[in-house]
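Quick note: the coordinates plus some simple rules give every number you see, no bench work behind them. These figures come from a predicted structure and were not determined experimentally. Counting neighbours? That spans all protein chains shown, and the Cβs are built from the backbone with ideal geometry, glycine included.
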Amino acid sequence: MKRLLVAAAVLATLTHAAFAGELTLFSDSNFQGQRITIDRDVPNLRDFDFNDRASSVVVSAGTWLLCEHANFGGRCAEFGPGEYRELPGFNDIISSARQIDRGRGRWRDREGWRDNDRDGWRGDGWRGDGWRGGDRGGPDVLMFAGPGFEGAQVELSQDVRSLNDVGFNDRATSMIIREGRWEFCEHADFRGECIVLGPGRYEFLERMNNRISSMRRIR
C-alpha cells in the first residue's frame, strides 16, 4: 500500500511538471523594472502587488490568458510562448492570468512566438467579454457587421480568398470563433496586414475593424 501511495504521489508530481506553464510579468517595457514569475492561475494580481502594472511579458511555457479585471473578467488576450517587449492596448491593465493550453512545449526561439503576425501583433486578440471555450456546433466562424455581435452576419467554415464573394468585404466589426485558429487579412488572397485569432468572442476587432478581406484556417 505504501509503495502504491508513493507511486501515486510521484506520478502526480510528474504530471504537474509536464503540464505546468510559466510566465514572467515586468513592470516596464523591454523586460525592465520589477518582475514576478507565476506558474499557476492567478485570479487577482493584487495578491502579488502587481495589479495593473505589467508592461512586458515573457512566456516560458504554456499558453496564457491575461485579463484586465480580476477573476479573468473584461478584455483578455492570449499569449503563447515567447517574448512580448510591449503590450500595445494592454499596457498596465492586466489584473489576472490563467493557463489555457497545457499541451505546448517550452519556448526556445529567442525571437518569440508570433503566430504568423506580420507587424508586431501579439497574442490572439482581445476577448471582449472573457474566454468562451467549449463553444461547439454550427459554423466555425461568425462575423458581424456591428460591434457586440449585432447587425448583419455571415457564417463561415472554410477558407475565403475574398470576402467580396460572400458580400462581407471590409464589414466585420465583431466575431465569434467556435473552432480552429484563423488568419484574417486586410486584402484578398491573404495579403496585407494579418492577425491570427483562436476560439473566443471578440466584441470589437480593434485596428482590424472593417478591414478584413480574406481568411484562412491555419490550425
Item checked: Long-range HN-HN contacts of S56 with modeled amide H, under 5 Å -> F26, D28
Next item on the list: State, to one decimal in nm, how far the label point of R40 lies from the label point of D159, with both points 7 Å from Cα in the Cβ direction.
Entry: 4.4 nm
Next item on the list: Give, in nm to one decimal, the length gained when the segment between R181 and R217 is fully stretched (0.36 nm per residue of separation minus the Cα-Cα distance).
Entry: 12.4 nm
Next item on the list: Just report the Cα centroid separation between the stretch 47-80 and the stretch 146-161, whole Å.
Entry: 28 Å
Item checked: Residue order, fewest to most surrounding Cβ atoms within 10 angstrom, among M208, M215, M143 -> M208, M215, M143
Checklist line | Tensor-based shape of the stretch 141-217 (alpha-carbon gyration tensor, a/c under 1.5 rounded, otherwise prolate or oblate) | finding: rounded
Checklist line | Debye, to nearest 20: dipole size of the stretch 141-217, +1 on Lys, Arg Cβ, -1 on Asp, Glu Cβ | finding: 140 debye
